[in-house]
Each structure stands twice: as C-alpha cells, then as structure tokens.
Amino acid sequence: MTPKGLLPGVRVLDVGQGISGPYCAKILAQMGAEVIKVEPPAGDSARRMGPFPSDLPHTEKSGLFLALNANKYGVTLDLSSPEGAESFRKLAATADIVIENPPPISLEELGLGYESLQQINPGLILTSITPFGRRGPYKDFKATDLILYHMSGHAHGLLGAVKDPDKDPPIRAGGHQAEFVGGLAAATATMMALYGKQMKGQGSQINVSSFEAMVTQLISGLANSAWGRPAPPRDLAMVEEAAIGGMVGAIGGILPCNDGYVAISPREDAQWERWLVVMGNPTWSTDDRYSTRDARQKNSPSLWKLLSDWSINYSKHEIARLGQEQRVPCFPVNTVLDLMSDEHLAHREFFVEMDHPEAGTLKYPGAAYKLSNSDLPLTARPAPLLGQHNQEILEV
Amino acid sequence: MNQLPLQGIRVLDLSWIIAGPTATRFLASMGAEVIKVGSARRPDPSTRGPAFQAYNQSKLYASLNLSKPEGLELVKLLLAISDVVIENFAAGVIERLGLGYDVVRAARPDIIMVASSGTGHFGPHTDYVAYGSLLQHYTGWNSISGHPNREPVTGGLWADPWVGMELAMVTVASLNNRVLTGEGQYVDFSMAEALSACLPEAVLDYQMNDRVKDPMGNRDDWYAPHGVYHCFGSDRWVAIAVTNGSEWAALCGLIGRSDLTSNSKYATAEGRRQFQDELGTAITEWTMQHEDIEAMRLLQQAGVPAGPSQDILRVFQEPQLSEAGYFNRVKTRDGEERDLPGLPWRFEGTQAPILTEAPVLGEHNDYIYGGLLGLSQGVVAQMVEEQIIY
C-alpha cells in the first residue's frame, strides 16, 4: 500500500514548467498531496532539457523532468482553448492549491487568474512564482538561473578569492540552484497558506520572487550592509590584507589529496589540537605564527601551504576518516560517483529507485527528512508520460 | 484582510547559529510566536555581529541554563505549551542534555520535534561533526560548480540558508498533518541530504551516461551564449543567457552585429556553444562600452535575459528590492533607522509579515516566565540568582 505522507486528501494542480513550479509541486507530492500536473499539449519545457540517455533528446527520458515530476499524475490541456480552460476550471473547483511559474504565460493572461478561480473555489491557494515577483522596476524582466545567481550576490562569493578580478569573473553554481530555491520558497509559503486554510478556511494568493528567494539566502550579508559593513572583496590581495587585519571569519578550506580534495575547518582551539593529532603533531605547530586561533587566521596562507604539503600524501576519504575520528569537522570533496557509493546515504536509503516505462529503472535523490509517524510516498509512481492520465482524470 | 497563517502557533527554538534560527525566522515572520532559548553560559556563536540580527528577527528570547536540572524542568514546562520544538545541535547532543523525543513527547504528546544535524540522526556517519561550508563539499554540491581542471570552489554560503528554509517547510507540513490526524512528529533532518537532493541532473546523468560531469563555470549544457561579459568599470560584469533564436537575433541587433544572425554557424544553440569564445569577444566589445546596469536595461528592453553580477552591498541597494517592498525599515535599539531583510513571498490581501529587530538574550524573560508559565516574580528572581534563568 502506498504510504499516505503528511498531506493525504490535499489536491494540487501543477501548471508549472521547467524547474521552480514543478519543484514546488514535487515537494507537495512527496509529502503525500495528490498532484495533477497540467501540461500544454507539447509538454513541459523540462522534457526538452537534459540529461538524456546517450545525450539524445526524448520527450519521456529527460532526467530533470523525471526527477521533478515523479509521484504526480499528468494530464495535457490547451489552456488557451475554451474547452481546455473549461476543463481546467472544473479541476480547479476540486483543488486546494494551484501552482504556476510564468512565463511563458500566466493564468491571469489566460483569464484563469486568482479572482476568476476564487469565484468557483473561495478557499483556493494560488501560488505564482516569477523571476522578480509582481512589483518593482524589474517585474517584467526575464531571468534564468544564471541571471538570478549573479544578480543576487551569490556569484560574487562562490569562486573564492582570485588574483585578478578583471580576468576571472564571478561564476554561478551548477545545477539550476536559483530555480530550486524559488521552488522551495514557494513550497514553504504554500505550506503556510495551507495551514491558514485548514485552520481558518482562508484562501490565499501568493506571489513568490525567485530573485528575492536567492537574496533571502544571504540575509546575513544584507544585515552586514544594513549595519554599514563593506562587501567582502574578491581580490586575493585584499582578502589576504583583510586576513592580516584579523577580518576573516573561521579558518577552513580545502586541501589537496592524492585522489582529489578534502575540506576541513578546525576553527575552535580544541578542534585544532585534535587536528594536530591527526597530522602527528608537526614541529611547526608550536611556532608563534600558528599557536593561537588569531595567529592561525592571520597567517592562514602560509599555514595552508604547510597543511597541503602533508595532505597530498593521503586520499580524501582517509583524511576525512582520520579527522572525524578526532572529531574535527572534515569531509571529502565528493562527486556524484562518491555519493552513489556512500555507505551512510545507502544506510539511510536516501536514493530511491523507480521503474519508468520509457526511461527504465533509475535511482533518484529522495527526501532530506524521515518522519516518525508518517511514511512518505517517495516512490508512489514514476513521472507521468505526456497525457498519461487524461482519460482517468479529465473524462469523469 | 486575512490574518497571518501561523498565528496561534508557538515554537520553542532551541537551535542556534544559522540553519535552525533561519527556519524559525520564517515561522515568526508569518505569525508564529517563537521563543528562542539561549544561555550566557554558552552564547549562540552568531551573537557577535549583524548576522545574528538577520537570523533572529521577529522572535522572543528567553535565557535558560540547560546544564542545570531546574533549567531542564523549565524547558519541559515550555514544551508543554508549545506546538513545535526545533534543535540543530550535533546528533546525540539533545539526548545527552536529557531532551530526547521521548522526554519531549511526554511533556506534550502531539508536539512536532524538528531535529536537524549535518548527516542526520541514524546511520554509520551520524556523529560526524559538520559545518555547512564543509557539507557543500561532501554532498557533491561543489563538485558541479567551478571551472574544469581547477581546484574546487571554496566560497558560497548555501547549506545553512537552504536548510533553514527547508526546515521551515517541513515544520509547517507536519503542522498541517497534525490538523488532519491529531498526531505530532519527530523529524530527522539531514543537512547533507538536503543539498544532495538538489542535484538530480548530475545524479541521473551519471546513471544514464556513466559520466561524472566537469563543472562548467558560467556555461550551460543547452543555452548559448551563456556567461558574464565585462562591462565598463573594474570588476563589473553583466550576465547574459540566450535561450532561443529570437533572443539571439535581438542580442545581435542590439550590439550592432546583425551579421552574426545571418551566419549559419551560429544559427543553432549547438553552433553557438561551439563558438562561444569568439561570440564572447564580439559581445564584450559592446558590453565594455556600458555600465552593467545600463547593459541590463538595454538587453532586457531588447528581450534578452540579463542582469549585473553584484556584490552583497549592491544587492542591498537594489531598487528592485526596495520598490517591491522587500525590506522593512525599523528603528533599531541603537537609535538608527535600518532596512532589515524581508521574505521572498507576498500573501496578497493578508496583513504584513512581522519583521522586527532581533531580541537580546533574556529580553522576554518576564513575559515567558511570568506571563506564560505564571511563575511569581520572587521565584523568577531566585532562578536568576541561581543561574538557572541565565
């Protein structure tokens, strides 16, 4: 029997395409809501985004689409046609939540906006995710993950310090993180609205800005700005100067190994003492330049050189294990290959396997949480084929 | 006008540093009464500096010494009147303090206990000590970011803020379940898994094509041109992402290079990906003549997705944020007017979110111990004396 999850009986229409809207709806689906994905006849745009087996685009084999839309039902509707719009209204009358992420086109532009839907379903929650929200000078601007990552301040800090900022530009993170965070923000807001609906019967119209969702990840930096602090520099020389002035935060970084890298951060004095045990108490450790936390932070460039000369003789997993045995915060720099063979993740059954009629059997990342009183329907059904549930859902 | 959706919920916040406090900030802003508990004996490490102000907006703050048996009894009284308790100590710490789920549930049977740690609360690496910056490496998150054949990226503040929002989400999901079933919940949350869950493309590419993909800087598997281009001024860049043929034609027209549009070499995204370096040179000739904000405006007017690559101070000064109503202007306790960060969503027709200044330790002791728990002033004063309320 399929586990019920946390939201049995909650019905969601996912009109989203691409990542942010479908990711929001995916969260609701894995929490146990009944999610009906409403695709245009040509399909969600994510069906045209990779990865694909052998890099050959195929409507039913996009890894991104399969991961974002598992555990949902799927119907196709042309919302710009009167018949399609009518079918949608019928579905919306039975739904608790509708999720959209225009562009390309909003429900409002299709005559299916909040006011129109509220007339047939007063308690409805409509969550709209757009790049910049519905207000402000950029409200009609276009954006992709790249644009949002850079505009929100994340790219400035990602690479770390560089020798020549004019030759080495800021970069984005891989894997569409800005779109995911827009979807997570929308799911969080939608859960809150659902609580308001359950307790007070109130419907909600929620507008989410993916840009603001990215900015909200950096509230510590915003607070620094509000209290008059300068932005952290990218220029290596300025960063080192700041270190000498005692302006850097906790000590930490990556060390080269014979098979990759390991990340360490023995920032507290007690952690540093235990880290020295891992390294076999090297003679330089009593040097004034490294004997206190302040001194280590000020002299971190030369310190890092000493640590690297040692670490290169070991493997990343070896150092991570030795470090953790001494309770030093220390992890290997993993690739997806490492993840998929990680014994801890395997023990926690983090990856979940599903068989899809076209794409075959694949493992998908699961949920980051386990619940004592509910099992989550993480493998209730693979992502829907295009129009798979038209008959079952639309022709009733 | 609707009320804030979480009004009537009380949250006991035993968490500290970033992830847990970020979660409860979201809950407090949307109407929950959040009681942060801390002690001068072991202050929240984020207390120094403005970051604490952001993470702890909109909360109440009680001082309470958990190392004293009487302190534990006080926590149990607070648990009995709370809907949610949240903690993000290293795995095992809360149990050693004497506040495991069994104890918590005895104080309040339908409570939702949210426990977040680096690698979760069971499994062979449960007791691994972690910081968010290191988890970004462990989870594969950093392995898809950076440049090919260069050492991994070392910056990026992602794990803690992401987990903070996801903890808020799963907390409210559990509250929704309590409405449906009357049951509480223990939530075992793994920060590491939260990050790995957002790499589906890399995970599936590996299975489909036996490929561990190199990071690709600002480039993309599909779209091209796709990158940042140097603008007028030092370290000034505009990000441009061309996602289809009409945006490509618009870009070429804007930069005065319509000849590129008619060149069949660049007609498809695949062609443009292949020749991205030479296209970059052509684009940069134009961007160098413009300041980044102006370049964005011109590109957006032409219908091309674009935006400046900004540091956090420029983000703070961003007119889009102030004009969209993101910030909340507050007179802080030092007498200054400051724009405090807000929320990424608007509930239309609903009362404004609560976005007040962060409290100081013990600021709300009177309300919490006197008002909520009904302890007399004499008893409270005695507990202060004995460093229980401390």
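Descriptive notes on the structure:
- Criterion applied to B:LEU14, B:LEU4, B:LEU79 was being in contact (Cβ under 8 Å) with a residue 40 or more places away in the chain, more than 11 Å from every other protein chain (Cβ to nearest Cβ) and open to solvent by less than 10 Å² (accessible area, probe 1.4 Å), and the one residue passing it is B:LEU79.
- Failed item, numbered, when B:TYR326 is tested on (1) within 7 Å of another protein chain (Cβ to nearest Cβ); (2) open to solvent by less than 10 Å² (accessible area, probe 1.4 Å); (3) not in a loop (DSSP other than H, G, I, E, B): (3)
- Those residues of region A:27-59 which are open to solvent by 10 Å² or more (accessible area, probe 1.4 Å), in a loop (DSSP other than H, G, I, E, B) and away from chain B (no Cβ under 13 Å), in sequence order: A:PRO40, A:PRO41, A:ALA42, A:THR59
- Test: residue in region B:17-28 that is assigned by TED's automatic domain parsing to the domain that holds B:THR126, surrounded by fewer than 24 Cβ atoms within 10 Å (Cβ to Cβ) and of a type in the set (A, V, I, L, M, F, W, C): yes
- Within region A:112-132, considering residues that are open to solvent by 10 Å² or more (accessible area, probe 1.4 Å) and out of contact with any Leu (no Cβ under 9 Å at 6 or more places or on another chain), the one farthest from the other protein chains (Cβ to nearest Cβ): A:ILE120
- Condition check for A:LEU378 on (1) more than 24 Å from B:SER133 (Cα to Cα); (2) facing chain B (nearest Cβ under 9 Å); (3) open to solvent by less than 40 Å² (accessible area, probe 1.4 Å): one failure, at (2).
Listed here are the residues, each with its yes/no results for (1) hydrophobic (A, V, I, L, M, F, W, C); (2) surrounded by fewer than 18 Cβ atoms within 10 Å (Cβ to Cβ); (3) more than 9 Å from every other protein chain (Cβ to nearest Cβ); (4) within 30 Å of the chain's Cα centre (by Cα).
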{"position": "B:GLY217", "(1), (2), (3), (4)": "no, no, no, yes"}
{"position": "B:ASP220", "(1), (2), (3), (4)": "no, no, no, yes"}
{"position": "B:ALA239", "(1), (2), (3), (4)": "yes, no, no, yes"}
{"position": "B:ASN244", "(1), (2), (3), (4)": "no, yes, yes, no"}
{"position": "B:TRP248", "(1), (2), (3), (4)": "yes, no, yes, no"}
{"position": "B:LEU260", "(1), (2), (3), (4)": "yes, no, yes, no"}
{"position": "B:ALA269", "(1), (2), (3), (4)": "yes, no, yes, no"}
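- Note on region B:165-208: residues that are at the interface with another protein chain (Cβ under 7 Å from one of its Cβ atoms) and under 15 Å from A:THR335 (Cα atoms) total 13.
- Within region A:141-151, tally of residues that are closer than 30 Å to B:PRO152 by Cα and open to solvent by 20 Å² or more (accessible area, probe 1.4 Å): 1
Residue-wise test of (1) buried (at least 23 other Cβ atoms within 10 Å of the Cβ); (2) β-branched (Val, Ile, Thr); (3) touching a strand residue (DSSP E or B) at 6+ places or on another chain (Cβ under 8 Å).
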residue	(1), (2), (3)
A:ARG134	no, no, yes
A:LYS139	no, no, yes
A:GLY153	yes, no, no
A:VAL162	no, yes, yes
A:PRO165	no, no, yes
A:THR190	yes, yes, yes
A:GLN205	no, no, yes
A:ALA223	yes, no, yes
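- Scanning region A:207-218 for residues that are within 7 Å of another protein chain (Cβ to nearest Cβ) and either touching a Gly at 6+ places or on another chain (Cβ under 6 Å) or surrounded by fewer than 24 Cβ atoms within 10 Å (Cβ to Cβ) (or both) yields a total of 4.
- Answer from A:ALA320, A:ALA367, A:ALA295 - the residue that is assigned by TED's automatic domain parsing to the domain that holds A:LEU385 and of a type in the set (Gly, Ala, Ser): A:ALA367
The values are calculated or read from the model by the stated rules, or taken from the named source; none is laboratory data. Because the structure is predicted, anything quoted here is derived from the model rather than measured. Backbone-built Cβ (ideal geometry, glycine too); neighbour counts: all protein chains shown. Heads up: the accessible areas ignore ligands, DNA and RNA and are worked out on the full protein's heavy atoms, side chains in. Shrake-Rupley method; radii C 1.70, N 1.55, O 1.52, S 1.80 Å.
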